[in-house]
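Contents: one structure, followed by commentary.
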Amino acid sequence: LNLEQLLLLYAEEVKRPHLDGMDNSALSIPNDDGGRKHVAILVSGSFRRFFLRSTAANLVKPMVRQGHTVELFAFLMTGEHTPWKSDVRPYLKHLTWDPAFGPPSQEKPSDERIRSTIIGAVHSAGGTVRYLELRNTVLLDDDEQLRNLRSEAQRQFPKEDPDSRFPTRSLGRTATVADANRNMLRLFRALEWTFDAMVAQESIQGYKYNHVLVARDDAQWLQHFDLNALLRSGGPEVELYVPECSRRWLNSKDEPGGAPPMLPSEMCDHVQLLARNHAELLGRYYSRFFSHSRECHVAANGATRSCTSEELLRWTMVTNGVRWRQAEQKLLPYERSAHIKTPSHGIQVCYHKFCQTDGPRRLKLKGDLHMCQSAYIERRLDTVGYYGSCPAHKARGELTTVPPAPPARVALYMVTTGSYDDAAPTYNCTDVMARMSPPFRDRYRVSCLAVVDSHAAARRAAETGWTPVLHPPAPDSQRQQRRIKITGWNSRRDIDEFDIIVYHDGKNGLYGSGGNTSEDICFLERKLAPALDLVANGSVELIAYAHPDRSSTAEELDAITCKSLCSTESLSKVRMLHHAHGYPDHAGLADTSNLVWRARGRSPALRLGMSGWIDAVETTGCMRDQLNFEFAMWKHNVRYRLLPDRMRPFAKVRKHTLPHTKYYTDSTGNTRTYRSDNVTAAEISCFANAAASRAAAAAAPRQGP
C-alpha cells in the first residue's frame, strides 16, 4: 500500500467518537470461538523508544497466525523530554528511532511518515491500528488535581521540586527523582487516553476484548510471542500475567546497568497481560494515582515507607483481588532496549533494562548482547582520543595544556598484596603506554609499578610489562593493601621522583579488549588525559571519580551496614568520628578504585589529607576506605575534584579472588566473620528502608533553636 492508501485505511479503521461519558459496561466479552481471542495492545511513551519492527513481527504477527484478532492502540510523544538518570547514563542522549522510520538524522520523520509506517507494519503483520495519537508531549499543567497537589507540596516542602513525591517517592540517588515522576505521569496519562479509545472502540463494535496487553514503548520482542502457551501456563483462573524477572543483569549483578533482585513487595511493570474485567485498573492508573498512591506503604523492620512504582503496581493488583502469575521470560520474550546512534558504528541496539528468568525456563538470547550502560556501547559513542590521535577525528583541545618540558613523570601503580585480588595484572602496562598517541607521550612519561608480596607475583608482573615492587607479607594483608594504596609504596623508587601518581585497584583494567586494539588505547587516553591535565596544570591536587550508585557518605554507610561489611563497633566509631568533627556530608561519594594525585610538590593539605584518610580507616577498624575519603579531604581542606563515573579511566574487569568478609554478632555477643558475595532479601529490604529513612530525614522541617 502506498502512503495515500494507508492514510485512507487508517481513517476508515479509526472511528473517533467523543470519549467523555462513554459507557460500555453492558457489553459482553465474547466466548472463545475455537480458542480465538480478541486482543488489544496498548502502548504509550516516546516515538524514539518505540520498537515497531519487533512489535509487528514478534508480537502482532504470531498472535494473528494463531487465529487471534489483534488491534493496536498507541500514543507516542514525538518531542524531547529529560530521560530519568540521563545525567549518569550518557547513552540516553544518543537515542534514535527504529530504522523502520528511516535512517537517523537531525530532523525527526514527519508525523505523516511515522503514522503511515506504523499502520503499514501492523497491517502487514495481520493486525489493525485502531488508535494512533502523535503529540509533541503530554501536558500535565492543565490537570487541576495535579496543580492542587503541586501547590500543597510547595507549601510543605518549599525547597523541593513539587513533583519529587508524587505519584511515588523514588529511591533514586539523584535530583532526577522529579523527572522520573513527571515521566511516569506522562506515561500513564497517555495510557489512559489509549484505554479510553479502546473503550470507545468496544462500544462501536458491540463487544469487549478478551485480553489487554500493556507494553512499554521500549519493549523489544526478541522471539515470537505465544499467547496460547502463556494462557495455558496459568489456566483460566489467572487474570494477570507479568514477567517473573528473577534476574535483572545480563552477565553479572555488578555490571553497569545490572539491578539487584526484585523485592517480594514488587511486581515487574514492563509488560502486563490482563483479562478484560481487570484492565481498567491499569488503563485508568493515572486517575487512580490521586486517590490511591498515597495509601500504599511498605512495612519492614519496624518502619514504614512510601511505595516505589513497582510496589505501587503490586499493591494495586493485590488490594483489588486480582489473581496473578509471574510468567517465565520465555513466555514473555522481550527486553527493554534502545537504538543508539554512534559516530562510526551505525545504530547499536542494546538492553536498557534487563529482565530474565533463572534456570532452564530462561529466555535463550542470541547474537551480540550488551547492556546500554556497558563500556562496549560507551566506546562506540565516542572513540575520539583526547589529544586527537585517533584516525579521522580532529583534536579536542578545550582542556589540554601546553606540553610540559620535559614531560611530567607519572607513576601508575596497583597493589595486590595478600590473596584478596589476583596478583596477575589484567593488561601489559608498558605496551599500552608505548601505544598512546605522540601528543600524550610528549606530555607524560608513565612508569608502571606493581606492588606485590611474593616472588611469584613479582615474576608475573615483570612478564606483563610492570616493574615489581616487592613488600614482605603482612599478617593483615588487607590493612597493608589499604595503607600502600593511600600513602604510596616504600621502595627505592620514592614517590617524590614522580610528578603525578595514578592508582587503580588490582581488579581494574582497560575497557574493551584489555589494550589489544587501537580503539582501547584511544578510549583510555580520552579518559586518563583530562585528569592528568587538571593535576599537571595546578587546577586541583587530587582527582577521584564519583560512585556509580551512591552519592553521599550516609548512603555508603547504610550500604556497608546492610551488607555487614564492617563490624557494628567499627561503624559506630565512624559515625562518632564524623559527628565529632561536624562533617556536613555534602561533597558526594567517590569510588576510590581509581585515583590521580600530585606527588612532587604536593601541598601540606594533601599530605595531611592522605595521612588523615588512612588514620581514619585504621582507627575505626572499618577497611572500606571510601567511607572516610570525603571526610578526610574535607577536614584538611584538600583541593580535589570528583569527575563523573563515565570518565573513570580503568574499569572493573574481574571479581576479587575472595568473597567479601561479612560480620555478625553471635549469641554470646562476640563478633564473628564469614565470606560471601550473596545479596539476601533482608539486605535488599534494608537498602530500601535506609533510603526511605534518609529521604524522610531530608524532608523533615528543621527545628528552631
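At-a-glance table
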quantity: Criterion (open to solvent by less than 20 Å² (accessible area, probe 1.4 Å) and over 25 Å from Gln223 (Cα atoms)) met by exactly one of Leu146, Leu139; calculated: Leu146
quantity: Neighbours by Cβ (under 8 Å, 6+ apart or cross-chain): first from the range 602-613, without any contact (Cβ under 8 Å) to a residue 40 or more places away in the chain; second open to solvent by 30 Å² or more (accessible area, probe 1.4 Å); calculated: Leu608/His636; Gly612/Lys635; Gly612/His636
quantity: Yes/no for Arg288 being more than 27 Å from Phe354 (Cα to Cα) and modelled with pLDDT of 80 or more; calculated: yes
quantity: Residue satisfying condition, being open to solvent by less than 50 Å² (accessible area, probe 1.4 Å), over 17 Å from Thr417 (Cβ atoms) and over 32 Å from the mean Cα position of the chain (by Cα), within set Ile495, Ile501, Ile484; calculated: Ile495
quantity: Single residue of the range 194-216 satisfying the filter (in a loop (DSSP other than H, G, I, E, B) and open to solvent by 30 Å² or more (accessible area, probe 1.4 Å)) that is nearest to Leu42 (Cα to Cα); calculated: Lys208
quantity: Residues being part of a helix (DSSP H, G or I) and over 39 Å from the mean Cα position of the chain (by Cα) - total across the range 455-472; calculated: 3
quantity: Arg16 surrounded by fewer than 22 Cβ atoms within 10 Å (Cβ to Cβ) and modelled with pLDDT of 95 or more; calculated: no
quantity: Pairs, first in contact (Cβ under 8 Å) with a residue 12 or more places away in the chain in the range 182-199, second of a type in the set (A, V, I, L, M), C-beta under 6 Å, six or more apart; calculated: Leu185/Leu140; Arg186/Val138; Arg189/Val138; Ala190/Val138; Thr194/Leu42; Asp196/Leu19; Met198/Ala40; Val199/Met22
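The values are calculated or read from the model by the stated rules, or taken from the named source; none is laboratory data. Note that the coordinates shown come from a computational prediction; the quantities given were computed from them, not determined experimentally. Cβ sites come from the backbone with ideal geometry, for glycine too, and all protein chains shown count toward neighbours. Note: areas computed on protein heavy atoms with side chains; ligands, DNA, RNA excluded. Shrake-Rupley method; radii C 1.70, N 1.55, O 1.52, S 1.80 Å.
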